[in-house]
1. Measuring from centroid to centroid over Cα atoms, what is the spacing of the range 176-204 and the range 58-93 in Å?
2. In the chain, if the dipole is taken from +1 on Lys/Arg beta carbons and -1 on Asp/Glu beta carbons about the Cα centre, which of Thr172, Thr45, Leu32 is farthest to the positive end?
3. Report, for the chain, the % of DSSP beta bridges that are antiparallel, rounded to 5.
4. Determine the percent antiparallel among the DSSP beta bridges restricted to the range 93-204, to the nearest 5.
5. Within 10 Å, count the other beta carbons around each residue, average over each peptide in 138-150, 167-179, and list them highest first.
6. Tell me, what HN-Hα J-couplings in whole Hz come from the Karplus equation 6.51 cos²θ - 1.76 cosθ + 1.60 at θ = phi - 60° for each residue of the range 74-80, using x for Gly and Pro?
7. Answer rounded, prolate or oblate for the chain, using the Cα gyration tensor with square roots of eigenvalues a ≥ b ≥ c: rounded when a/c is under 1.5, else prolate when a/b is larger than b/c, else oblate.
8. Can you give the extra length, in nm with one decimal, that the chain gains between Asp53 and Thr168 once fully stretched, where that is 0.36 nm per residue apart less the Cα-Cα distance?
Amino acid sequence: MDEVIFRTSGSSGAAKRIVRTEASLRADAEALVVEFADLWCGRPTVVSSVPADHMYGALWRVRAPSCAGSVVDPDTVLSAEGLSDAFARYGRFLFVTTPSFLEKLLVHPDASSLKGAFVGIVTSGSLLRKDTAMSAAKVFGTCPTEIFGSTETGTVAFRRRTEGDEWTLVKTVSATADGQGRIVVDSPSAMVRPFTMSDAVEFT
């Protein structure tokens, strides 16, 4: 069976070797295209500030666009000027980024010139503060879609703060809590089924 090896430090800081099968990565990418059909409608160009050599970038910058039939800009955007260039080149596009990049972008003097540039904004890698999410919705005209998951499990859940603070499980994922309150994920994208994450969870 074809396998892909990722190396991640996770939240512990200790480097780990994570083996994922091609089948699990394909299942993850296909689920993203179905779950976020509104983002992929019209096959928008994907522009990204994250590299493709970790799980989040590999899924949103390579595999999901391939499933959706979208073109991917080959460059990694590093500045507001790079986004302005992409807007001029492609028109509206899907922007894949991180909370830290969004925070810097929002204080840029030309941030408002990007209003209407984004078909959608996808963010992951760390927690997106609510005030940052709401500011992005106001300045850019679209609220970021926050992605929760891990290298071991793939995509687990998502939220848009303009719709509420709770996370919604991706349709292909089911989850419970173990005796210590940790989230236990059953997903075709996970390296092990079920997989117990270190994150605490409360179901509503």
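Read-outs throughout are calculated quantities, based only on the coordinates presented, and are distinct from any laboratory measurement. Note that the structure is a prediction, hence the values are computed from the model and not measured. All Cβ positions, glycine included, derive from the backbone under ideal geometry; neighbour counts span all protein chains shown.
1. So the two Cα centres are separated by 32 Å.
2. Of the candidates, Thr45 comes out farthest on the positive side.
3. Values: 20 of 32 bridges.
So the antiparallel bridges in the chain amount to around 60 percent.
4. On the way: 14 of 21 bridges.
Of all bridge pairs located within the range 93-204, approximately 65 percent are antiparallel.
5. So the peptides 138-150, 167-179, ranked by packing, come out 138-150, 167-179.
6. Computed from phi, the couplings for the range 74-80 are x, 8, 8, 6, 10, 7, 4 Hz.
7. Note, shape of the chain comes out prolate.
8. On the way: separation 115, 0.36 × 115 = 41.40 nm, distance 2.63 nm.
Extra length from Asp53 to Thr168 when fully extended: 38.8 nm.
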